[in-house]
Structure formats: structure tokens, C-alpha cells
Amino acid sequence: MNKELHALEENQTWVLTQLPKGKKTIGAKWVYKIKFKPDGNIERYKARLVAKVYSQVEGKDYKHTFSPVAKLTTVRILIALAAAKNWVLYQLDINNAFLYGFLCNTTVL
């Protein structure tokens, strides 16, 4: 939980403000998960703070939804291209992802 809270603060995820008249807050809850190694031993404990968006009403509380997800077909095509062109692939584990987060320019050598 401390890592998750630190990431939320570090990425300036929210700003305290006054709630507009006639609006109600959306609650949040902690979701816990145990990640296991292939041999069955515990690798780590994960905690994620999630909004209780099920309390929202479409058209009243929000108008559009969007969740960018890569389709498996797209991933397979990229891997096939990398194999055909002898590109080097790297695996990356993302701890936290933030919509509209700051992206930095980095070069991998």
C-alpha cells in the first residue's frame, strides 16, 4: 500500500478541490492480490487503490469511456516483425500506469 500511495503522490494524481454543487464523491477501495512464483511460493503482495465507479450513471456522471488495450493479434504481429527483422526485444514490467502521465524520452543501448 505504501508503494501505491507513494506512486500516486509522486505522479501528482489528484488535486484537492471543492466538490461542485449537486455532485457526490466517488468512493475508493483497496484491492489486494498475492503474486506467486512458478514454483508456488509467494513472490510479493500487491495493493491497488481503485475507484468505485460502479456508483456512476452513464450520461449523468460521465459521457465517454476509453481503455487502451493491445489486442493479442497486434502483439503477435509485432513479435513476428521483430523476428523477421532481427530486432532485439525487451521485456518491461510496469509497476504503475497513469493516464496522461509524464513520458520521458529515453534511449536503450
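What follows is calculated from the coordinates using simple rules that are stated; it is not laboratory data. Every value quoted in this text rests on a predicted model; they were computed, and no experiment measured them. Glycine also receives a Cβ, built like all others from the backbone with ideal geometry; neighbour counts cover every protein chain displayed.
Tabulated values for the structure
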read-out: Given (1) touching a residue at least 24 places away in the same chain (Cβ under 8 Å); (2) more than 24 Å from the chain's Cα centre (by Cα), number of the condition LEU49 does not satisfy; value: (2)
read-out: Residues that are surrounded by 11 or more Cβ atoms within 10 Å (Cβ to Cβ) and either in contact with a Pro (Cβ under 8 Å, 6 or more places away or on another chain) or part of a loop (DSSP other than H, G, I, E, B) (or both), drawn from region 1-16; value: MET1, ASN11, THR13
read-out: Top-ranked residue of region 39-56 - restricted to ones that are in a loop (DSSP other than H, G, I, E, B) and of a type in the set (D, E, K, R), ranked as farthest from LEU8 (Cα to Cα); value: ASP39
read-out: Cβ-Cβ under 7 Å pairs, at least 6 apart or on other chains, region 7-21 side within 30 Å of LYS46 (Cα to Cα), far side of a type in the set (A, V, I, L, M, F, W, C) and part of a loop (DSSP other than H, G, I, E, B); value: ASN11/PHE98; THR13/PHE98
